[in-house]
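The values are calculated or read from the model by the stated rules, or taken from the named source; none is laboratory data. Remember, it's a predicted structure, so these values are computed and weren't measured experimentally. Methodologically, a virtual Cβ is constructed for each residue, glycine included, from the backbone with ideal geometry; neighbour enumeration extends over all protein chains shown. Areas reflect the complete protein model, heavy atoms only, side chains present, ligands, DNA and RNA absent. Shrake-Rupley method; radii C 1.70, N 1.55, O 1.52, S 1.80 Å.
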Amino acid sequence: MSDFISIQTEDFDIAGLHAQLRAEDASCGAIVTFTGIVRELEGAERLRGIFLEHYPGMTQKALAKIVAQARERWPLGRVCVIHRIGELLGNDNIVYVGVSSRHRVAAFEAAQFIMDYLKRDAPFWKKELLSDNARWVEQKGSDLDAADKW
């Protein structure tokens, strides 16, 4: 078992991360990954990109706690969580969650749990950069509800 958690400005290599989850370890038969990307807004407003800030010491601890909670619930192998910060443009990668486990159900559930709790508990702040202004985004009720189901 090993965890890799990173908060970074640089993009990440999805294929490389997948290989890291496998790491020539045949004990896990399932790998589930999620990649979040910057998407266009619904409606007429045009999005130039987003700007993500975080609270450095607290964010790393929050992500480690979320992974530890997932490990308490499911038998997991390697876990990888990467979240980018700074200015990101349309179609840029934002977040990566990768989970390995002996069985697919545990891998699927743990990956969703980690992402749901990350959206609720990790101290990140997002600003939408629009064509003519910028605005901070409040946490969505649907993200809070998603974490509550666990």
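How much mean residue ellipticity at 222 nm does the chain get from its helices, if each DSSP H run of length 4 or more adds -39500 (n - 2.57) and you divide by all residues, to the nearest 500 deg cm²/dmol? Computed ellipticity for the chain at 222 nm equals -11000 deg cm²/dmol.
Under a Gaussian network description of the chain, with springs only between Cα atoms under 10 Å, the residue in Gly98, Gly29, Gly77 that fluctuates furthest is Gly29. Around the Cα centre of the chain, unit charges on the Cβ atoms of Lys, Arg, Asp and Glu (plus for the first two, minus for the last two) sum to a dipole of about 380 debye.
Here the chain was treated as a single set of alpha-carbon atoms; its pair distances binned every 5 Å from 0 give 2, 9, 18, 20, 20, 14, 9, 4, 2, 1, 0 percent. Computed over neighbours whose Cβ is under 14 Å from that of Glu138, the net charge equals +4, Lys and Arg +1, Asp and Glu -1.
Per atom type, the chain shows carbon and sulfur on 50% of its accessible surface, probed at 1.4 Å.
GNM, the chain, Cα, under 10 Å: largest mean-square fluctuation among Lys140, Lys126, Lys65? Result for the chain, Cα springs under 10 Å: Lys140 fluctuates most. Only Cα sites of segment 59-131 enter the Debye sum here, all with the same form factor; the resulting log10 I(q)/I(0) across q = 0.14, 0.17, 0.20, 0.24 1/Å is -0.47, -0.65, -0.83, -1.07, listed in q order.
Highest mobility in the GNM of the chain, judged by mean-square fluctuation with C-alpha springs under 10 Å and restricted to Leu76, Leu88, Leu47, is found for Leu47. On a per residue basis, the chain carries 58 Å² of accessible surface, using protein heavy atoms and a 1.4 Å probe.
Put simply, the Cα atoms of segment 51-93 extend 36, 24, 12 Å along their principal axes, the longest span coming first.
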